[in-house]
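I have placed the structure first, in the form of structure tokens, so that the comments after it can refer back to it.
The values are calculated or read from the model by the stated rules, or taken from the named source; none is laboratory data. Note that the structure is a prediction, hence the values are computed from the model and not measured. When we count neighbours, we look across all protein chains shown, and the Cβ atoms used for this are built from the backbone with ideal geometry, even at glycine. All accessible areas refer to the heavy atoms of the entire protein, side chains included, with ligands and DNA or RNA removed. Shrake-Rupley method; radii C 1.70, N 1.55, O 1.52, S 1.80 Å.
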Amino acid sequence: MMAVTSSCKDAASMDNGKYVRYTPEQVEALERLYYDCPKPSSMRRQQLIRECPILSNIEPKQIKVWFQNRRCREKQRKESSRLQTVNRKLTAMNRLLMEENDRLQKQVSQLVYENSYFRQQTQNATLATTDTSCESVVTSGQQNLTPPHPPKDASPAGLLSIAEETLAEFLSKATGTAVEWVQMPGMKPGPDSIGIVAISHGCTGVAARACGLVGLEPTRVAEILKDWPSWYRDCRAVDVLNALSTGNGGTIELLYMQLYAPTTLAPARDFWLLRYTSVLEDGSLVVCERSLNNTQNGPSMPPVQNFVRAEMLPSGYLIRPCEGGGSIIHIVDHMDLDPWSVPEVLRPLYKSSTLLAQKNTMAALRLLRQISQEVSQPNGTGWGRRPTALRALSQRLSRGFNEAVNGFTDEGWSLLENDGIDDVTLLVNMSNAKTMMGANISYSNGFPSMSNAVLCAKASMLLQNVTPAMLIRFLREHRSEWADTSIDAYSAAAIKTGQCGLPGSHAGTFGGQVTLPLAQTVEHEEFMEVLKFENVGHYRDDMLMSGDIFLLQLCNGVEENAVGTSAELIFAPIDASFSDDAPILASGFRIIPLDSGMDASSPNRTLDLASALDVGPAGNRAAGDYACQSGKSKSVMTIAFQFVFDVHLQDNVAAMARQYVRSIIASVQKVALALSPSNVGPHANLQTPAGAPEAQTLARWICQSYRCYMGMDLLKNEGREPILKSLWHHLDAVMCCSVKALPNFTFANQSGLDMLETTLVALQDITLEKIFDDNGKKTLASEFPRIMQQGFLCLQGGVCLSSMGRAVSYEKAVAWKVLNEEENAHCICFMFMNWSFV
């Protein structure tokens with residue numbers, strides 16, 4: 001009798017030790033069922049035998065074994081395919097690393113040669129200074145002046161010469177040593193990484209380079225990347241003014257490109273470019289670009305109002321076909337953005353190769369990888385929309401916000417006079433209020449209102465000692481801290497009905513915010529979500545209105561681990577139907593770091609206390625380094641809010657918008673100050689009333705008192721790491737409240753803040769009784785004196801409420817009296833165990 005092994009290769013359908021041979025007709029019938037149901041039940045297998053007479057001579061047990069083998073073969077096939085894909089990636093990555101190694105060896109050789117040359121020059125200069133002969137004096141006075149480059153001929157032959165020169169310079173940057181490249185901090189190559197990313201060191205302007213693998217063919221890659229406005233968020237427009245074919249099968253295009261300004265404090269940039277697309281002898285596809293700044297006898301682009309002409313040095317894409325499909329791509333971005341044309345505080349934005357790498361180079365690679373994944377998984381959708389539709393929607397949001405920040409006159413924007421204080425800039429657009437929102441608006445009376453206009457209130461402010469990710473994350477998670485929901489309701493109503501009245505002074509909100517489960521990742525570390533505000537009431541034209549409103553919100557940069565990352569929160573009121581052609585009037589925030597001090601810090605610090613957590617009695621190097629860096633960190637925040645209104649209410653809406661944005665600025669400044677390390681650092685008083693202990697001391701009192709009353713340690717690893725850090729990361733919710741007639745919370749660890757859905761900034765406004773329902777309040781009133789008398793109390797499981805009104809269940813809770821150094825009651829500490837939202 002033949003033995004049976006456990007592998008799929010040796011396993012076979014058998015009965016009493018004999019192999020069962022299937023006819024082609026039987027195999028076909030079984031395959032049809034397999035594609036419909038790979039794992040049929042016993043009843044389904046018996047039904048199959050009844051329905052297919054050709055299977056009548058086969059036992060159900062044998063069919064069961066056939067399906068087991070078939071599933072095993074399918075699993076092996078998929079695993080084999082996966083391993084082949086990984087092998088192709090590793091092979092291509094190995095090729096990239098070998099090329100990079102060759103380039104680095106050439107760069108080392110060049111640096112050694114230059115070092116030797118400069119050493120020799122230094123020695124010669126020393127000898128020259130000691131030689132007082134007349135000949136030496138005359139020689140030392142000579143200067144080697146390089147004549148300026150003559151203007152290039154812009155005829156077709158001249159343009160081809162410029163194109164070939166651009167190609168050579170681009171290739172020398174992409175694969176050669178024309179630029180000294182240093183690895184982008186935090187970027188490590190590997191089969192699952194985005195690729196090899198580097199930034200320039202010591203060259204003219206700013207430059208970044210990346211190479212990686214994408215699962216798209218070279219022509220498709222070039223098609224995607226050449227369409228700048230479709231993927232590059234800062235690109236306003238690209239116009240192809242002329243195109244001509246070359247004798248070698250290439251194409252030369254003359255382009256005019258405009259880029260948005262990232263803030264209200266600097267003008268936008270534009271470029272007059274030559275783009276050259278060609279195929280190399282080895283089959284590689286090349287797309288290279290450069291500025292046309294010094295040409296004659298050909299087309300030119302005069303200066304354009306509101307734009308500063310920037311220069312693109314030879315840049316582009318080298319796309320090589322990869323064995324087994326896909327492409328190996330080299331990307332080079334090299335620009336001179338004229339930093340001297342902006343205020344000094346903003347110049348780091350225009351001198352940062354890191355920022356260029358993140359916004360251009362890495363964004364291009366990530367887009368290609370995402371599209372490649374979508375091609376391999378064509379059925380992936382979100383909100384009933386394909387990924388391309390989600391990207392287009394996010395692009396509309398981003399573009400609408402950029403248009404608001406820049407306020408170009410050719411789009412119909414005009415400046416309104418200020419009220420004597422120039423902190424907030426007001427612009428009005430009466431020419432195309434509907435088209436600028438990207439859709440046609442229908443109105444309840446059936447006729448479009450021609451009196452509608454759009455007003456934009458915008459401002460920029462300097463922030464210190466707070467990371468963009470941290471602040472944007474707070475603004476997203478705690479909208480009630482800065483936003484007026486009645487203003488959102490007014491904007492939503494204006495978008496929906498076109499009846500643009502004025503929100504009254506008695507506006508109020510009824511109901512609460514609900515984040516719908518529609519968050520969808522659009523791109524790397526970027527996601528969209530829909531916020532629903534239930535039963536929102538507001539006054540408009542002395543009429544009380546109420547109903548649900550929806551906001552479409554785009555957020556990025558809040559979870560980014562890369563260095564020097566900017567962050568955005570952009571939103572727009574939408575109709576409940578959420579149609580593709582719905583009007584979008586974008587508002588929001590953008591925060592961009594201004595200095596390299598942010599590069600070494602991680603934006604993933606916890607919102608409130610993280611800077612204090614890694615500091616023990618002897619200090620901690622990482623935390624100390626961060627405190628040093630964050631003490632110097634600066635960033636610029638840009639705020640822009642748009643409102644639809646009737647033209648006869650312009651003055652009233654302008655006053656409302658100005659006041660609203662100023663209130664938001666004040667709220668943001670308050671939050672930024674509270675989140676800065678100086679207020680949440682090792683010696684912070686946790687925003688508690690005067691006389692409260694510091695964080696470390698309070699944590700020590702909490703643990704000592706728990707040990708005194710409960711007879712055990714609160715923290716498992718107490719003594720092995722800082723108490724505050726251990727308490728902060730404790731899995732159970734730990735929170736302290738004051739000892740007074742109406743106790744309010746003064747401290748909570750991270751789990752406690754998550755449970756209450758708040759932060760330390762807003763924690764003091766929450767009283768103890770607010771988190772309990774009626775039964776909980778009765779229990780608290782009766783049991784609170786016992787805590788003060790005996791020092792502790794164990795509570796059974798129950799339900800409490802977060803600050804957002806959500807129910808929270810817990811298995812049990814413990815309360816104990818926290819004693820200070822004088823053995824007096826300082827506060828009451830609660831610990832809720834195994835809590836979860838109901």
query: residue 712 versus residue 464, label points 7 Å from Cα toward the beta carbon: distance in nm?
result: 4.8 nm
- prompt: Using a simple charge model, +1 on the beta-carbon of Lys and Arg, -1 on the beta-carbon of Asp and Glu, nothing else, what dipole does region 730-837 show about its Cα centre, in debye to the nearest 20?
  reply: 240 debye
query: Got a sec? Charge dipole of region 156-376, +1 on Cβ for Lys and Arg, -1 for Asp and Glu; which of 160, 321, 262 is way out at the positive end?
result: 262
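Counting only DSSP beta bridges with both residues in region 156-376, what percent are antiparallel, rounded to the nearest 5?
Working: 54 of 57 bridges.
Beta bridges within region 156-376, antiparallel portion: roughly 95 percent.
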task: Mind grabbing the accessible area of residue 709 for me, 1.4 Å probe, Å², rounded to tens?
output: 50 Å²
query: What is region 156-376's relative contact order, in percent, from Cα pairs under 8 angstrom and six or more apart in sequence?
result: 24 percent
- line: For 805-812, 200-207, 751-758, ranked highest to lowest by mean beta-carbon neighbours within 10 Å, the order is 751-758, 200-207, 805-812
field: region 156-376: C-alpha gyration tensor shape, a/c 1.5 cut-off, then a/b vs b/c
entry: oblate
message: I'd like the accessible area for residue 52, computed on protein heavy atoms only with a 1.4 Å probe and all protein chains in place. Round to 10 Å², please.
response: 30 Å²
query: Of the listed peptides 739-749, 212-222, what is their order by residue-averaged count of other C-beta atoms within 10 Å, with the highest listed first?
result: 212-222, 739-749
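Can you work out the accessible area per residue across region 22-107, with the rest of the protein chains kept in place, probe 1.4 Å, in square angstrom? Intermediate results must be reported in sequence, preceding the final value.
Working: 5850 Å² over 86 residues.
Ligands and nucleic acids excluded, the result is 68 Å² per residue.
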statement: Loop-resident trypsin sites (Lys or Arg not before Pro) in region 630-660 with no more than 15 other Cβ atoms inside 10 Å, DSSP not H/G/I/E/B, are 632
message: For the full complex of protein chains and a 1.4 angstrom probe, list 375, 814, 27 by accessible area with the highest value first.
response: 375, 27, 814
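Calculate the dipole size of region 222-262 relative to its Cα centre from +1 charges on Lys and Arg beta carbons and -1 charges on Asp and Glu beta carbons; express the result in debye to the nearest 20.
Working: 3 positive and 5 negative charges, 18 e Å.
Using Cβ point charges on Lys, Arg, Asp and Glu, region 222-262 gives about 80 debye.
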task: Please give the solvent-accessible surface of residue 774 in Å², to the nearest 10, using a probe radius of 1.4 Å with every protein chain present.
output: 110 Å²
statement: With all protein chains present, region 335-378 has a carbon and sulfur share of its accessible area (1.4 Å probe) in percent of 53 percent
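For region 156-376, what does the accessible surface come to per residue with a 1.4 Å probe? Please give it in Å². Numbers along the way, then the final one.
On the way: 8430 Å² over 221 residues.
That works out to 38 Å² per residue.
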task: Output ³J(HN,Hα) for region 305-320: one whole-Hz value per residue in order, computed from phi by the Karplus curve 6.51 cos²θ - 1.76 cosθ + 1.60 with θ = phi - 60°, and x for Gly and Pro.
output: 4, 6, 10, 9, 6, 9, 10, 9, 7, x, 9, x, 9, 10, 10, 10
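Could you rank the peptides 322-332, 794-804 by their average count of other C-beta atoms within 10 Å per residue, with the highest value first?
Values: 322-332: 21.1, 794-804: 15.5.
Going from most to least packed, we get 322-332, 794-804.
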